[in-house]
Ligand SMILES: NC(=O)c1ccc[n+]([C@@H]2O[C@H](COP(=O)([O-])OP(=O)(O)OC[C@H]3O[C@@H](n4cnc5c(N)ncnc54)[C@H](O)[C@@H]3O)[C@@H](O)[C@H]2O)c1
């Protein structure tokens, strides 16, 4: 067994040296891409930040740690996040506003990084590209099928760059798995399993509320967007994932990561043909209307893809990609391939039902015909690669900023993002309709199976 713990670059080099895989591209190597960005960037890429909450604060911090990137301004509907944006930028004079439209009017801003709740993704993306800005928008790309279609249309019409923020697509681990699958190491693909679980209130979205939240510090009316208006509710502001009116549940929050990574590794860029969900609210009965345990069986082409999410038991985040020549396990920090011979390695147990003389003759002949092939399988080694402390957010942002500068395509464009989000919408629709659902590409709608 090859078992190693290596740095990001060594991870790529080790694989290349083994000669089994394709050469590492600069896309897979964040250090090389950073160098490329720094070398080519006489002028910094200037971005505006929309939404500086839990994810936006991390994105803004990561973006500002990249070479040749400058933040010109930040917009959020909650004033506390104006203070936070200034703190992240280490600039008390950073322009901040409640109105993201002001960032879109600013000619100095080339692109937008947006981390607003799901029910705002469509409007922000459509407005940004219509104003001539490129945009990095968080996952899941859309809040509904209709939103996704409008976003794809706006991307097509304007030609602006849109990168969706499912960062597994920029993971060197997923890139390595992709190479291994494409090389045929797994043989015929049989099925894929993706699973993760959490077991704590934070993991189930019961976040602490900022202490100064009020209708004075938040533009609550605008925050609600096109959703029917209700009185100010800090819980909804912070824990919006729990309600389908604003979020997309476990499907859009977590399944989308497993789906995007799976699509990238296996080489799929289409919606599932069919989805069948079993889900429920079993643990977090706090008034939410989105399930906390969610199992969906998808059909992509002819391949079954099974995704399992559980907010009531912690389990590791893992993919098991199964083929006729072995099983590839992909986790957040590495991967492991265990080859399987796919042949009999001993005489059949069915011969136990043969009379003695017949059985002995069968066993003798079996060994004469098969021992050499069995011997060969014994030397097939497992492959284990690890990438400790690997964070794929920065390379994903870098890929976007490089695209803004060079106009080269991004790794996760609006069409890919749409397809990944459709899987989540189908997973949710199957739960709400108590029925398997199919994607009807003629009408661009989800129908009961
Ligand atoms: N890629 C990942 O791993 C990852 C992780 C966490 C969250 N996310 C995604 O990031 C997005 C944001 O999630 P979050 O947890 O940061 O939410 P959050 O509630 O912590 O922050 C969202 C912020 O957006 C602001 N906002 C809402 N509407 C706005 C508007 N119209 N204009 C300006 N500001 C507006 C809110 O005031 C809030 O401060 C979601 O789509 C989520 O799915 C992605």
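If you go through the range 39-47 one residue at a time, do you hit one that is surrounded by 23 or more Cβ atoms within 10 Å (Cβ to Cβ), more than 9 Å from the ligand (Cβ to nearest atom), closer than 29 Å to residue 142 by Cβ and at pLDDT 95 or above? Scanning the range 39-47, I find at least one residue that is surrounded by 23 or more Cβ atoms within 10 Å (Cβ to Cβ), more than 9 Å from the ligand (Cβ to nearest atom), closer than 29 Å to residue 142 by Cβ and at pLDDT 95 or above, so the answer is yes.
Checked against the criterion of being touching a helix residue (DSSP H, G or I) at 6+ places or on another chain (Cβ under 9 Å), away from the ligand (no atom under 14 Å from the Cβ) and not assigned by TED's automatic domain parsing to the domain that holds residue 165, the candidates 215, 271, 228, 304 yield just one match: 271.
Of all the numbered requirements in (1) surrounded by fewer than 18 Cβ atoms within 10 Å (Cβ to Cβ); (2) at pLDDT below 95, residue 387 misses one, and that requirement is (1). Can you confirm whether residue 127 is within 16 Å of the ligand (Cβ to nearest atom) and in the same structural domain as residue 70 (by TED's automatic domain parsing)? Criteria met by residue 127.
Only one entry of 69, 50, 135 meets the criterion of being under 21 Å from residue 160 (Cα atoms) and near the ligand (Cβ under 9 Å from one of its atoms), and that entry is 50. With respect to (1) in contact (Cβ under 8 Å) with a residue 60 or more places away in the chain; (2) farther than 22 Å from residue 304 by Cβ, the lone exception for residue 358 is condition (1).
When we screen 337, 354 for residues that are away from the ligand (no atom under 16 Å from the Cβ) and over 30 Å from residue 176 (Cα atoms), the only hit is 354. Can you find a residue that is surrounded by fewer than 18 Cβ atoms within 10 Å (Cβ to Cβ), assigned to a loop (DSSP other than H, G, I, E, B) and in contact (Cβ under 8 Å) with a residue 40 or more places away in the chain anywhere in the range 274-285? Yes: one or more hits.
Counting only residues that are in contact with a strand residue (DSSP E or B) (Cβ under 6 Å, 6 or more places away or on another chain), more than 11 Å from the ligand (Cβ to nearest atom) and part of a helix (DSSP H, G or I), the range 78-100 holds 1 of them.
Matching residues to (1) over 30 Å from residue 400 (Cα atoms); (2) under 23 Å from the mean Cα position of the chain (by Cα); (3) without any contact (Cβ under 8 Å) to a residue 60 or more places away in the chain:
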| site | (1), (2), (3) |
| --- | --- |
| 155 | no, yes, no |
| 160 | no, yes, yes |
| 167 | no, yes, no |
| 182 | no, yes, no |
| 207 | no, yes, no |
| 214 | yes, no, yes |
| 225 | no, no, no |
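Would you mind stating whether residue 266 is within 11 Å of the ligand (Cβ to nearest atom) and within 19 Å of residue 421 (Cα to Cα)? Answer is no for this residue.
Annotation: residue 435 fulfils all but one of (1) surrounded by fewer than 17 Cβ atoms within 10 Å (Cβ to Cβ); (2) outside the structural domain of residue 250 (by TED's automatic domain parsing); (3) under 27 Å from residue 269 (Cα atoms); the unmet one is (2). Name the one entry in 186, 103 that is crowded, with 21+ Cβ neighbours inside 10 Å and within 14 Å of the ligand (Cβ to nearest atom). Of 186, 103, the one residue that is crowded, with 21+ Cβ neighbours inside 10 Å and within 14 Å of the ligand (Cβ to nearest atom) is 103. A single entry from 253, 233 fulfils the requirement of being within 16 Å of the ligand (Cβ to nearest atom), under 18 Å from residue 432 (Cα atoms) and at pLDDT 95 or above: 253.
Taken over the range 413-429, the criterion of being over 12 Å from residue 270 (Cβ atoms) and surrounded by fewer than 24 Cβ atoms within 10 Å (Cβ to Cβ) is satisfied by 413, 429. Answer with yes or no whether residue 121 is within 9 Å of the ligand (Cβ to nearest atom), closer than 20 Å to residue 219 by Cα and surrounded by fewer than 17 Cβ atoms within 10 Å (Cβ to Cβ). The answer is no for residue 121.
The values are calculated or read from the model by the stated rules, or taken from the named source; none is laboratory data. Being a predicted model, the structure only gives us computed values, none of them experimental. Positions of Cβ are backbone-derived with ideal geometry, glycine not excepted, and every protein chain shown enters the neighbour counts.
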